[in-house]
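The values are calculated or read from the model by the stated rules, or taken from the named source; none is laboratory data. Source: prediction; values computed, not measured. All Cβ positions, glycine included, derive from the backbone under ideal geometry; neighbour counts span all protein chains shown. Heavy atoms of the whole protein, side chains included, go into the accessibility calculation; ligands, DNA and RNA do not. Shrake-Rupley method; radii C 1.70, N 1.55, O 1.52, S 1.80 Å.
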Amino acid sequence: MMEHGTNYSFLIETLQSPTFHSVKALSDRFISELSDDQRNKLFDELKDSGNLQETEPQLAAYLYAFGDLHEARLQKAYSCLPQSFFSEEIEWIDYGCGQGLGAMVYHDFLQAQNLTSLVRRFTLIDPSERCLQRAALHVRRFFPHSEIRTVCKYMDELKADDLFSGTPQRTLHLFSNLPGMSIRTVEHLAALIGDAPEGYHSFVCVGPYYRHMPERMAQLDVLLERLKIPKEAVVSEDCGEDEFVPGRSWTCALRIFVKGKQMPKSEPPAEAPLVVPVASEELPEPDISADASSHEELPVDSGEEKPQIDQILDALNEPEEPEYVGQLRAAAEQGEAAAQNRLGYLYDVGKDVFQNDAEAVRWYRRAAAQDYAMAQYNLGNRYLAGRGVPQDYGEAAKWYLKAAEQGVLPAMNNLGVIYATGQGVKRNEAEAVKWYRKAAAKGDQTAIRNLRKRGISD
């Protein structure tokens, strides 16, 4: 169970040396572009639902609102782990993983401390399929050589088979909000963990601190009691407002402890295993919206498969400093088509400039007028989506044709989709197949699959 085929998954793949903050920046940008009314409505919806994260806006809103708080708590918790913990391979169980913040912040902590920690397998547990998909995507990006196991269940529905492989392992148990669980749920989890195969179990329990509501902190004590952990063996710290992060109203309750005996060292896995879903079927691949934050904005509401964007994604990785925009603008003003197209892209996605659909179209159009193929393709995307211009499938088809005739593969496939669905042109299956064949002959996998849907092998 892993998110794939979405605009967000493509953006995550483009991040060079990803960090928690570079991931959160994607959500920050989305929220910052909303109007005050839209933002307030979204946060009210998130609050009323108990921080439910089932839609893309809810996922972004949660990370925007609570990401920095969770990062601060997790960084503090990881700093309390003994140095010996990082020298050996571990398994990782995240109870209520959300979007996988625990793993992302752990990766950043290791990088900052110049540490190496091998995680053989992540077991991600959350009742929300949407969160699990997003968490698995994040973990795969940050820990590409680790196995990922997803368990879509509520905590009190878990069984021992969901947690343990049956052989003793070094295991990290991460609880990011134990005070938010019921006593009954904590007792259930403690019983499962208590019956686990012998091994070396490290526990990181971190969450809010309720100074004036001690009953909300009882879950931490219950877990320690049920696991028979003496209090003197626990790293314990409670921080109220201004004590945790000066100037912030954040709080933090922290408990770090171990259970079991140290294990002999084991060998790391020879290769990265596949994702192993547990107790839940993987959802169908989501459609890619025509509102993609990339050069390639794709045909929508057709039965045809959408084109890949491998040809263009490399551009997203080019390191750019703010002064580069001025140099790029000067070159664009001098009539350089490549610079005009690139400047259009910056306005398209709001990279180092304020996002502006009209400016994106203006620069794409100037480059397209010089017969610059990628600008023609990007302009076709704009007409297809109706961004910065009135939606016009006929104009989209015109610009896709110009780009396709110059060999832009996704333009060929898009043109095939347009002819196959009759959007802006008279439906023509022969023309659709012709353009699919042209793209397929150059190795475009999406066009190849569109041909195979028609029983055409080449």
Within segment 414-458, restricting attention to residues that are closer than 20 Å to residue 393 by Cα and acidic (Asp, Glu), which residue is surrounded by the fewest Cβ atoms within 10 Å (Cβ to Cβ)? 429
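To keep it simple, each residue is scored yes or no on (1) of a type outside the set (Lys, Arg); (2) at pLDDT 90 or above; (3) out of contact with any Phe, Trp or Tyr (no Cβ under 7 Å at 6 or more places or on another chain); (4) part of a helix (DSSP H, G or I).
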site: 399; (1), (2), (3), (4): yes, yes, no, yes
site: 402; (1), (2), (3), (4): no, yes, yes, yes
site: 417; (1), (2), (3), (4): yes, no, yes, yes
site: 430; (1), (2), (3), (4): yes, yes, yes, yes
site: 440; (1), (2), (3), (4): yes, no, yes, yes
site: 448; (1), (2), (3), (4): yes, no, yes, yes
site: 454; (1), (2), (3), (4): no, no, yes, no
Restrict the check to segment 181-191 and report whether at least one residue is in contact with a Ser or Thr (Cβ under 7 Å, 6 or more places away or on another chain), surrounded by 19 or more Cβ atoms within 10 Å (Cβ to Cβ) and assigned to a loop (DSSP other than H, G, I, E, B). no
Pair list, Cβ under 7 Å, 6 or more apart: segment 212-241 residue closer than 12 Å to residue 187 by Cα, other residue open to solvent by 80 Å² or more (accessible area, probe 1.4 Å) and charged (D, E, K, R): 224/231
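Being assigned to a loop (DSSP other than H, G, I, E, B), closer than 30 Å to residue 55 by Cβ and open to solvent by less than 10 Å² (accessible area, probe 1.4 Å), is that true of even one residue in segment 149-170?
Taking every residue of segment 149-170 in turn, at least one turns out to be assigned to a loop (DSSP other than H, G, I, E, B), closer than 30 Å to residue 55 by Cβ and open to solvent by less than 10 Å² (accessible area, probe 1.4 Å).
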Return the residues of segment 99-145 that are hydroxyl-bearing (Ser, Thr, Tyr) and either in contact with a strand residue (DSSP E or B) (Cβ under 6 Å, 6 or more places away or on another chain) or in contact (Cβ under 8 Å) with a residue 60 or more places away in the chain (or both); say none if nothing qualifies. 123, 128
Only one of 260, 207 is modelled with pLDDT under 80 and touching a Gly at 6+ places or on another chain (Cβ under 9 Å); which? 260
Any residue at all in segment 283-302 that's at pLDDT below 85, assigned to a loop (DSSP other than H, G, I, E, B), charged (D, E, K, R) and closer than 26 Å to residue 143 by Cβ? yes
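Identify, from the list 65, 60, the residue that is out of contact with any His (no Cβ under 9 Å at 6 or more places or on another chain), open to solvent by 30 Å² or more (accessible area, probe 1.4 Å), of a type in the set (A, V, I, L, M) and farther than 28 Å from residue 192 by Cβ.
On the way: 60 fails: open to solvent by 30 Å² or more (accessible area, probe 1.4 Å).
Answer to the selection: 65.
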Considering each residue of segment 193-213, count those that are in contact with a Lys or Arg (Cβ under 8 Å, 6 or more places away or on another chain) and among the basic types (Lys, Arg), and give that number. 0
Looking at (1) among the small types (Gly, Ala, Ser); (2) under 30 Å from residue 40 (Cβ atoms); (3) assigned to a loop (DSSP other than H, G, I, E, B), find the lone condition where residue 61 falls short. (3)
Pair list, Cβ under 6 Å, 6 or more apart: segment 358-381 residue over 14 Å from residue 337 (Cβ atoms), other residue hydrophobic (A, V, I, L, M, F, W, C) and part of a helix (DSSP H, G or I): 380/396; 380/399
